[in-house]
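Encoded as structure tokens, the structure appears first; notes follow it.
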Amino acid sequence: MSNSIQTIEVHTSPAYTVSIGSGLLRTCGAQLRQLMAPCHVAVITDSTVAPLYLGTVSASLQNAGFAVSSYVFPAGESHKNFDTLAAILEFLAEERLTRTDCLVALGGGVTGDMAGLAAALYLRGIRYVQLPTTLLAAVDSSVGGKTAIDLHAGKNLAGAFLQPSAVLCDTDCLTTLPASVFADGAAEAIKTGVLCDEALFSLFKDGTLTADPAEVIARCVAYKAGVVERDEKEQNERRLLNLGHTIGHAIEKCSNYTIPHGHAVAVGLAMMARSAERLEWTEEPIAARICACLVKNGLPISTEYTAAELARAASADKKRTGDDITIVIPRKIGVCELKRIPVSDLTQVIAAGWEV
Ligand code: NAD
Ligand code: GLY
């Protein structure tokens, strides 16, 4: 793994820098001091990440002159809900954070999404910084300013757009990830390859991601940064980033959030590739290549939930407008397009890709 720190600028409002490399948690205090005067920093993290990294982050922030408090919630998607969000907001108020203070999201996508939403809501908006500790958060969720919690009706249904002030991605954190959580991140990175970059996709076909994760993270972040700069609020092009997510979110919901996001997205990606090929929407055969790549990286390509069950769960999806829903179709590896279909056709589209 290279020792150098790569940086990618994201030209949104506010603009910010994504830094990627080894040792960034140890130096996060000094990095934040370059962005802001000493203030009160509330670190939001989960019960798995806290014993691993909270001490390092708190010490670094304190050494740089910040006052630090921390809130630890129980790890897992089932806690990405109103109760946890409310508890975080009450904590911020008890700690008397003001508008010149800052939140730090230390963890995976669940922490980043929920801490980001707390930052958007508390005092009508305060700054936050992302310290992603999973591969998924590094390649995707820490960048772009989408924040959310799940509702009983579905995934990510309450949220806000708020860009972070900085993203510090310490690649050393990847060494403590269980293999299945690492694979969740591979699913989003493979999605990025299918969307825009056949060479990136090819890096995964031998399962060699672990050799140079910083390079994969940088390529995924650079692509996402460009999309987000052109379409920050997901009016058009950003919807492409939802490849595999309509089915993926439906699987998460059907499983009562016991199937992790990355695994569900992998199945969604595989099913959309098979559907697109069988419905003759692709320019060349792609499903076998995408499925082989997912399997090679420890990811599933099928589900026990029926096409009808998935279509019912997906009908509450954010990507629905009136009686239509926009899905993302892979045309070939590296090229995808948006397709608006009637919600009533969703079962048929999913059914076409259901059989392996
Ligand atoms: P997660 O945050 O639940 O992390 C997965 C597990 O890994 C958790 O148990 C966590 O405690 C643990 N963990 C985290 N870092 C660790 C480390 N370094 N070592 C050991 N264990 C560690 O899940 P995730 O896969 O990171 O993120 C999934 C979430 O991200 C979903 O809620 C999804 O909706 C969201 N997401 C958001 C966006 C966005 O743009 N905002 C994009 C993609 C996904
Ligand atoms: N992960 C989808 C997005 O950020 O738009």
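At 4 °C and 1.567 mPa s, what whole-number value in µm²/s does Stokes-Einstein give for the translational diffusion of region 81-172, with Rh from the Kirkwood sum over Cα pairs?
It diffuses with D of about 99 µm²/s by this estimate.
Would you work out which of Thr347, Asn297, Thr246 lies farthest towards the positive end of the dipole of region 237-356, given +1 charges on the beta-carbon of Lys and Arg and -1 on that of Asp and Glu, about the Cα centre?
Asn297
Is the shape of region 1-126 best called rounded, prolate or oblate, per the rule: a/c under 1.5 gives rounded, else a/b larger than b/c gives prolate, else oblate, with a ≥ b ≥ c the square roots of the Cα gyration tensor eigenvalues?
rounded
Roughly speaking, what is the stretch gain from Ser344 to Glu283, that is 0.36 nm per residue apart minus the C-alpha to C-alpha distance, in nm to one decimal?
19.4 nm
Enter the per residue convex hull volume of region 204-356, computed from alpha-carbon coordinates, in Å³ rounded to the nearest integer.
114 Å³
Rg and Dmax of region 49-103, Cα atoms, in Å?
Both quantities, over Cα of region 49-103: 12.7, 35 Å.
Could you state the number of Å between the C-alpha centres of region 99-174 and region 47-98?
Measuring centre to centre over Cα atoms gives 12 Å.
Starting from the alpha-carbon convex hull of region 275-348, give the projected area averaged over all orientations, in nm².
Computing the convex hull of the Cα atoms and averaging its projections yields 5.5 nm².
Report the convex hull volume per residue for region 83-127, counting only C-alpha atoms, in Å³.
Residue-normalised Cα hull volume stands at 61 Å³.
At most 13 other C-beta atoms within 10 Å and a DSSP loop state: those are the exposed GluC sites (Glu not before Pro) I care about. Give me the longest piece of the chain that has none.
1-279
Residues of region 288-309 with the amide nitrogen closer than 15 Å to a label point 7 Å from the Cα of Val356, along Cα-to-Cβ, please.
Under cut-off, by backbone N: 288-305.
Let me spell out the model: positive unit charges on the Cβ of Lys and Arg, negative unit charges on the Cβ of Asp and Glu, origin at the Cα centre of region 152-248. What dipole size does that give, in debye rounded to 20?
380 debye
So for region 254-316, what are the equivalent ellipsoid semi-axes in whole Å, largest first, each being the square root of 5 times an eigenvalue of the Cα gyration tensor?
After scaling each eigenvalue by five and taking roots: 21, 16, 8 Å.
Which translational diffusion coefficient, to the nearest whole µm²/s, is obtained for region 131-206 from the Stokes-Einstein equation, given a Kirkwood hydrodynamic radius over C-alpha pairs, 10 °C and 1.306 mPa s?
Reported coefficient: 114 µm²/s.
Under the classification rounded if a/c is under 1.5, otherwise prolate if a/b is larger than b/c and oblate if not, where does the chain fall, given a ≥ b ≥ c as square roots of the Cα gyration tensor eigenvalues?
prolate
Can you give me the Rg/Rh ratio for region 177-255, using Cα atoms for both radii and the Kirkwood formula for Rh?
Using only Cα positions, Rg/Rh for region 177-255 is 0.99.
Please sort by residue number the trypsin sites (Lys or Arg not before Pro) in region 131-213 whose DSSP state is loop and whose Cβ has at most 16 other Cβ atoms within 10 Å. Before the final figure, lay out the partial values.
Values: sites: Lys146, Lys155, Lys191, Lys205; in loops: Lys205.
Here the trypsin sites (Lys or Arg not before Pro) that fit, given the DSSP loop and packing criteria, are Lys205.
So what's the Cα pair-distance distribution over region 54-209, bin width 10 Å, in %?
Bins of 10 Å from zero give 10, 37, 35, 14, 3, 0 percent of pairs.
Output the DSSP H helices from the chain with an along-axis C-alpha extent of no less than 20 Å and a mean Kyte-Doolittle hydropathy no less than -0.5.
Taking the DSSP H segments of the chain (at least 20 Å long, mean hydropathy at least -0.5), we get 179-196, 213-230, 261-278.
In percent, what relative contact order does the chain have, based on Cα pairs under 8 Å that are 6 or more apart in sequence? Present the calculation step by step, with values, prior to reporting the outcome.
Details: 741 pairs, mean separation 54.9, N = 356.
Here the relative contact order equals 15 percent.
Can you give the net charge of the other residues whose Cβ lies under 15 Å from the Cβ of Glu90, counting K and R as +1 and D and E as -1? Write out the running numbers ahead of the final one.
Values: positive: Arg96; negative: Asp83, Glu94, Glu95.
Here the count lands on -2.
Each value in this text was obtained by applying a stated rule to the coordinates, not by laboratory testing. Small disclaimer: the values here were computed from a predicted structure and weren't measured. Positions of Cβ are generated from backbone atoms using ideal geometry, with glycine treated the same way; all protein chains shown enter the neighbour counts.
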